[in-house]
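The block underneath contains the structure these notes are about, expressed in structure tokens.
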């Protein structure tokens with residue numbers, strides 16, 4: 001049995017998944033914050049538009065598309081001060097063998113991520 005990933009390690013994994021997508025789509029990183037409770041996680045520029053992106057790692061069986069509306073409203077209000085768009089990126093991560101088990105270091109996992117949700 002491997003070592004279960006910590007909350008910070010799961011968060012970093014989610015950040016890497018979202019970061020790779022943003023990079024592939026041509027976003028320019030202005031700021032990156034890998035602390036789970038320090039928002040937003042990514043501040044990016046694309047087509048001269050600023051984007052604030054909140055990343056959350058979501059454990060099975062929770063739905064990665066469901067977000068904290070109160071938190072996201074605060075982010076949206078903050079983003080509007082900078083004429084920025086705000087997004088939520090929920091990344092579901094689960095053990096590939098048994099979704100009820102934790103995600104272990106160096107073992108297969110399932111990613112449930114459909115991209116950014118504009119708020």
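Tally the DSSP beta bridges in the range 40-101 and give the antiparallel ones as a percent, rounded to 5. Walk me through the numbers on the way to the answer.
Working: 5 of 14 bridges.
Beta bridges within the range 40-101, antiparallel portion: roughly 35 percent.
Where both residues lie in the range 1-96, what percent of DSSP beta bridges are antiparallel, nearest 5?
Roughly 50 percent of the beta bridges in the range 1-96 run antiparallel, per DSSP.
Suppose each label sits 7 Å from its Cα in the direction of the beta carbon; what would the residue 24-residue 107 distance come out to in nanometres?
Here the answer is 2.6 nm between the modelled labels.
Stokes-Einstein at 25 °C, 0.890 mPa s, Kirkwood radius from Cα pairs: D for the chain in µm² s⁻¹?
166 µm²/s
Using helices alone, I'd like the mean residue ellipticity at 222 nm for the chain: each DSSP H run of four-plus residues gives -39500 (n - 2.57), total over residue count, nearest 500. Please list the in-between numbers first.
Working: 2 runs with 31 residues, N = 119.
About -8500 deg cm²/dmol.
Angle between the Cα long axis of helix 7-24 and the longest principal axis of the chain, 0 to 90 degrees, nearest 10?
Value to nearest ten degrees: 50.
Between residue 16 and residue 48, what is the label-point separation in nm under the 7 Å Cα-to-beta-carbon projection?
Each label point lies 7 Å from its Cα, and together they span 3.7 nm.
Of the residues 31, 90, 19, which exhibits the maximal mean-square fluctuation in a Gaussian network model of the chain defined by a 10 Å Cα contact cut-off?
Greatest mean-square fluctuation among the candidates belongs to 31.
Report the relative contact order of the chain, percent, no decimals, based on alpha-carbon pairs under 8 angstrom and at least 6 residues apart.
RCO, the chain: 25 percent.
Multiply the residue separation of residue 78 and residue 9 by 0.36 nm, subtract the distance between their alpha-carbon atoms, and state the gained length in nm to one decimal. List each step's numbers first, then the result.
Values: separation 69, 0.36 × 69 = 24.84 nm, distance 2.73 nm.
Computed gain between residue 78 and residue 9 is 22.1 nm.
Taking the number of other C-beta atoms within 10 Å as the exposure measure, put 32, 119, 54, 91 in order starting with the fewest.
Numbers: 32 14, 119 18, 54 25, 91 22.
Listing 32, 119, 54, 91 from fewest to most nearby Cβ atoms yields 32, 119, 91, 54.
How far apart, in nm, are two points set 7 Å out from the Cα along the Cα-to-Cβ line at residue 59 and at residue 32?
Going by the 7 Å Cα→Cβ label model, 2.6 nm.
Bear in mind these aren't lab numbers, they're just calculated from the coordinates by the rules spelled out. On a predicted model such as this, the values are computed, not experimentally measured, just so you know. Every residue, glycine as well, gets a Cβ built from its backbone with ideal geometry; the counts of neighbours run over all protein chains shown.
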